[in-house]
1. For the stretch 160-179, check the following and say yes or no: at least one residue is aromatic (Phe, Trp, Tyr) and loosely packed, with under 15 Cβ neighbours inside 10 Å.
2. From the list 94, 86, 76, pick out the single residue that is open to solvent by 70 Å² or more (accessible area, probe 1.4 Å), polar (S, T, N, Q) and in contact (Cβ under 8 Å) with a residue 60 or more places away in the chain.
3. Residues being open to solvent by 40 Å² or more (accessible area, probe 1.4 Å) and modelled with pLDDT of 80 or more: count how many of those fall in the stretch 280-294.
4. Hey, can you tell me all the residues within the stretch 12-49 that are open to solvent by less than 60 Å² (accessible area, probe 1.4 Å), farther than 21 Å from residue 165 by Cα and of a type in the set (A, V, I, L, M)?
5. Scanning for something closer than 27 Å to residue 205 by Cα, in a loop (DSSP other than H, G, I, E, B) and in contact with a helix residue (DSSP H, G or I) (Cβ under 9 Å, 6 or more places away or on another chain), does the stretch 57-80 turn up at least one residue?
6. Go through (1) more than 18 Å from residue 313 (Cα to Cα); (2) more than 20 Å from the chain's Cα centre (by Cα) and name the single condition residue 297 misses.
7. Are there any pairs with C-beta distances below 7 angstrom linking a residue in the stretch 252-268 that is touching a residue at least 24 places away in the same chain (Cβ under 8 Å) to a residue that is part of a helix (DSSP H, G or I) and open to solvent by 40 Å² or more (accessible area, probe 1.4 Å), with the two at least 6 apart or on different chains, and if so which?
8. Being over 14 Å from residue 14 (Cα atoms) and open to solvent by 40 Å² or more (accessible area, probe 1.4 Å) is the filter here, so list the residues in the stretch 58-71 that pass it.
Amino acid sequence: AVFLLVFSTVVFRCDMLILLGPIGLSMLITRDISFLNAIIFGISSSMISLAFTVGCDSYFWQRLVWPEGEVLFFNTVLNKSSEWGTMPFHWYFTNALPKSLLGSFVLLPFGLLRNMNLWEMLHSPSQLQLDWQVVKYLLPAVTFIVLYSFLPHKEVRFIFPALPIFNMVSGVAIAKIERYSLKSNFGKAFLLMTILGLLLSFFVACLFLLISKKNYPGGWGLLYTNEHILNRQNQDPDMNLIDLVHIGTYAAMTGVTRYLQLPIESGVAYSKVEDEHIRMAVCAINSPFTYAIMDKEYYSKLSKQCNANGYETLRIFGGEPKLRLNGKTIIKIELEPVLFILHRNISLRQRYLESLKNKDEGE
């Protein structure tokens, strides 16, 4: 268990360190592992994991690199993660956890109780006792989320490692409710409500899955851009043009990955440079970019300049899905226009340059 926790921290997610700490401390307190063994296993696991990730990733990146070390440096030392948006301290507990766990979130308190006879607990508060066998597993996960809450930038995916522990506690609650249901009619009704709640959670989870497909306009935008480039190259194979694609911040956050990029041999290069001057000059008359996947914010600022300099809007992609009640379909998914695919039309740009030249000659 220690090796798997350390390996996942060093290789996959450096922020697992925040979960590794509370779990390790819990194991020491409950004497599931001795302090000496924890040191030995921890150091040896770290060295093996570090050697694996540095060797493997350095080969693929063609430079000496520890990816999760760079992420840790960016988020902690430089503290730049807040540039990607911030949320209030309580967001994980009041928003992320309820949405992620759905019906399981309601069952959490029952999993922590030793006695499931609610009627007795209402009349005799002394019967309200915690099941410490369950608490010792949940406490590190809660500590993990509390510590993570101090980081201003928050995303649901950051707390994914802790969700199985919460679901385990909810599973314990269901087992206790099932045993309690054998003793009274109230228990049977309680079990029935639990089953109905889980079925409702399954329906809502399927609905969330349908909505989540709309959360990656950047990926869809890049696929569309690649398709447009390849079609244009097939129509005019003699045009020796290197396509440079500008990828905006929002697109990079919503599905753009290296796996979707065309190989350099196809005559396409991609830029994710975040410099403000470059962003504002994407559509300049001397811009090197032939394509741009532009955020809504910058499109509103630069659309007139882009049109004047020969850039045409090929397609608009929606994102930030919201559910709306509709009279005909009951539930409707509405999307906001968030990404704009721009292409520099060579003929339009040439006509614009000729008009400027004629204007100068006339003066």
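The values are calculated or read from the model by the stated rules, or taken from the named source; none is laboratory data. Nothing here was measured: the structure is a model prediction, and the numbers come from that model. So basically every Cβ, Gly included, is an ideal-geometry build from the backbone, and we count neighbours across all protein chains shown. Note: accessible area is taken over every heavy atom of the protein model, side chains too, but ligands, DNA and RNA are not part of it. Shrake-Rupley method; radii C 1.70, N 1.55, O 1.52, S 1.80 Å.
1. Yes, the stretch 160-179 contains at least one residue that is aromatic (Phe, Trp, Tyr) and loosely packed, with under 15 Cβ neighbours inside 10 Å.
2. Among 94, 86, 76, only 86 is open to solvent by 70 Å² or more (accessible area, probe 1.4 Å), polar (S, T, N, Q) and in contact (Cβ under 8 Å) with a residue 60 or more places away in the chain.
3. Adding up the residues that qualify gives 1.
4. Within the stretch 12-49, 38 is the sole residue that qualifies.
5. First, the residues of the stretch 57-80 that are closer than 27 Å to residue 205 by Cα: none.
No, the conditions are met nowhere in the stretch 57-80.
6. Here residue 297 clears every test but (1).
7. What qualifies is 253/84; 254/215; 255/220; 260/223.
8. Of everything in the stretch 58-71, those that are over 14 Å from residue 14 (Cα atoms) and open to solvent by 40 Å² or more (accessible area, probe 1.4 Å) turn out to be 59, 60, 61, 62, 63, 64.
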